[in-house]
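Novice: Just dropping this structure here.
The values are calculated or read from the model by the stated rules, or taken from the named source; none is laboratory data. Quantities reported herein were computed from a predicted structural model and do not represent experimental measurements. Glycine also receives a Cβ, built like all others from the backbone with ideal geometry; neighbour counts cover every protein chain displayed. To get the accessible areas, we keep the full protein, side chains included, count just its heavy atoms, and leave off ligands, DNA and RNA. Shrake-Rupley method; radii C 1.70, N 1.55, O 1.52, S 1.80 Å.
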Amino acid sequence: MAQQSEAQTLARPVAVRARPSWQRTLAGQEGMIIGFIAVFAFLVFWEWVGTSGVVNPMFTSSPSRIIKAGDRLFFDGGIGAVFAALGAGNLSGAWTAIAKGSIWKDIWISLQELLWGYGLAIVIGIPFGLMLGWFRRLNYVFEPFISALYATPSVALLPLYIIWFGIGINSKIAIIFMSAIFYLLMYARVGVTTVDANILKCARSFGASDFQLLRTVVLPSSVPYLMTGARLASGRALIGVVVGELYAATAGVGYLITVAGATFQTDKVFVGVLIVTFAGVLLTTLIQRIEDRFSTWRPRIDEEASGA
């Protein structure tokens, strides 16, 4: 009897105390918390290096100096002028202080170049890439030219773009377009070639036309490749914006970086770099959201495993 009682005691499940909700929350956000602490520590160290005199501030700047430079660039008279106008009930004065910030013109010029160049690359590159993947002989015709242009750095062609289109916005659109289109084109082509041939044969046996196959089978199956190409192309497009404005421009974020660097205004250089960085993160996040929206039809691996 004693042995039986002892065996029942050992077999009884041990109650596990549930963790408090705040501990579960911290565990779920562990990555974000650690990342935030790492970034904060880096900024503190950078501020110390830039203000302690260990390194010449002209070469390193500091977060506080960058914030002050951004304040002067984004607001006429600084953000204090905006709050002063708002406190006095002068909404038009607050808007004027914001609108007269010297950097808005540069951001607007660069934004136009990015939208036009990247937009044209999407509109032309994706359909053309799908056609190259679908029509084998057409791919044979254009493959040598695509390989040659892809291997040629876009910067090397910038003088030609300036000769053809001038130093205005058109030459910048051209280099952004040429920097971004190849990733869109090639990933679209690969997406078509990876479609399951059995699915295509099955659809054809039911009388599906080429257009129906492209719309209902090929295009949905190519979504992951198209989005990957779009993400990579967005980075190349931003590089094209900066490079085009570094070479020959009269306005834009790249032009701001060039002038600030030539005059040893490190604070303004970092402001321009941070604007480009923020634009890249924003564009990548937007493309990721679009991918999540259009890839909901695909079954997840964990769902397949649980179903099995």
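Novice: Hey, among the residues in segment 172-216 that are under 22 Å from Glu291 (Cα atoms) and outside any helix (DSSP H, G or I), which one's nearest to the chain's Cα centre (by Cα)?
Specialist: Only one residue fits best here, namely Thr194.
Novice: For segment 158-167, does any single residue satisfy the condition of being closer than 17 Å to Ala237 by Cα, open to solvent by less than 30 Å² (accessible area, probe 1.4 Å) and either among the aliphatic types (A, V, I, L, M) or not in a helix (DSSP H, G or I) (or both)?
Specialist: The answer is yes; a qualifying residue exists.
Novice: Follow-up. Could you check, for segment 183-197, whether at least one of its residues is open to solvent by 50 Å² or more (accessible area, probe 1.4 Å) and of a type in the set (Lys, Arg)?
Specialist: No, because not a single residue in segment 183-197 is open to solvent by 50 Å² or more (accessible area, probe 1.4 Å) and of a type in the set (Lys, Arg).
Novice: Inspect segment 86-106 for any residue being at pLDDT below 90, under 20 Å from the mean Cα position of the chain (by Cα) and either on the phi > 0 side of the Ramachandran plot or surrounded by 15 or more Cβ atoms within 10 Å (Cβ to Cβ) (or both) and give the result as yes or no.
Specialist: Within segment 86-106, one or more residues are at pLDDT below 90, under 20 Å from the mean Cα position of the chain (by Cα) and either on the phi > 0 side of the Ramachandran plot or surrounded by 15 or more Cβ atoms within 10 Å (Cβ to Cβ) (or both).
Novice: Working only within segment 52-71, note down all residues that are touching a residue at least 12 places away in the same chain (Cβ under 8 Å) and surrounded by 12 or more Cβ atoms within 10 Å (Cβ to Cβ).
Specialist: Passing the criteria: Pro57, Thr60, Ser61, Ser62, Pro63, Ser64, Arg65, Ile66, Lys68, Ala69, Gly70.
Novice: Could you list all residues from segment 119-140 that are within 19 Å of Ser179 (Cβ to Cβ), open to solvent by 20 Å² or more (accessible area, probe 1.4 Å) and touching a Leu at 6+ places or on another chain (Cβ under 8 Å)?
Specialist: Ile122, Ile126, Phe128
Novice: Tally time: how many residues in segment 265-308 are surrounded by fewer than 16 Cβ atoms within 10 Å (Cβ to Cβ), modelled with pLDDT under 80 and among the charged types (D, E, K, R)?
Specialist: 7
Novice: The conditions are (1) modelled with pLDDT of 85 or more; (2) out of contact with any Phe, Trp or Tyr (no Cβ under 8 Å at 6 or more places or on another chain); (3) of a type in the set (Val, Ile, Thr); (4) under 23 Å from Trp134 (Cα atoms), and Thr228 fails exactly one of them. Which is it?
Specialist: So the condition that Thr228 fails would be (2).
Novice: Let me ask you something else. Can you tell me which residue is modelled with the lowest pLDDT among those in segment 137-157 that are among the polar types (S, T, N, Q) and not in a loop (DSSP other than H, G, I, E, B)?
Specialist: Checking each candidate, the answer is Ser154.
Novice: Somewhere in segment 238-254, is a residue open to solvent by 40 Å² or more (accessible area, probe 1.4 Å), closer than 25 Å to Asp106 by Cβ and either acidic (Asp, Glu) or free of Cβ contacts under 8 Å to residues at least 60 places away in the same chain (or both)?
Specialist: Yes; the residues of segment 238-254 include at least one that is open to solvent by 40 Å² or more (accessible area, probe 1.4 Å), closer than 25 Å to Asp106 by Cβ and either acidic (Asp, Glu) or free of Cβ contacts under 8 Å to residues at least 60 places away in the same chain (or both).
Novice: Could you pull out the residue among Leu219, Leu226 that is assigned to a helix (DSSP H, G or I) and surrounded by fewer than 19 Cβ atoms within 10 Å (Cβ to Cβ)?
Specialist: Within the list Leu219, Leu226, the selection yields Leu219.
Novice: For Leu232, state whether it is open to solvent by 80 Å² or more (accessible area, probe 1.4 Å) and touching a helix residue (DSSP H, G or I) at 6+ places or on another chain (Cβ under 7 Å).
Specialist: no
Novice: Now for a separate question. Output yes when any residue across segment 198-205 is surrounded by fewer than 17 Cβ atoms within 10 Å (Cβ to Cβ), modelled with pLDDT under 85 and within 24 Å of Trp108 (Cβ to Cβ), and no when none is.
Specialist: No, that holds for no residue.
Novice: Search segment 31-51 for residues that are more than 12 Å from Arg65 (Cα to Cα) and pair each with any residue that is part of a helix (DSSP H, G or I) and aliphatic (A, V, I, L, M) when their beta-carbon atoms are under 9 Å apart and the residues are at least 6 apart or on different chains.
Specialist: Ile33/Leu26
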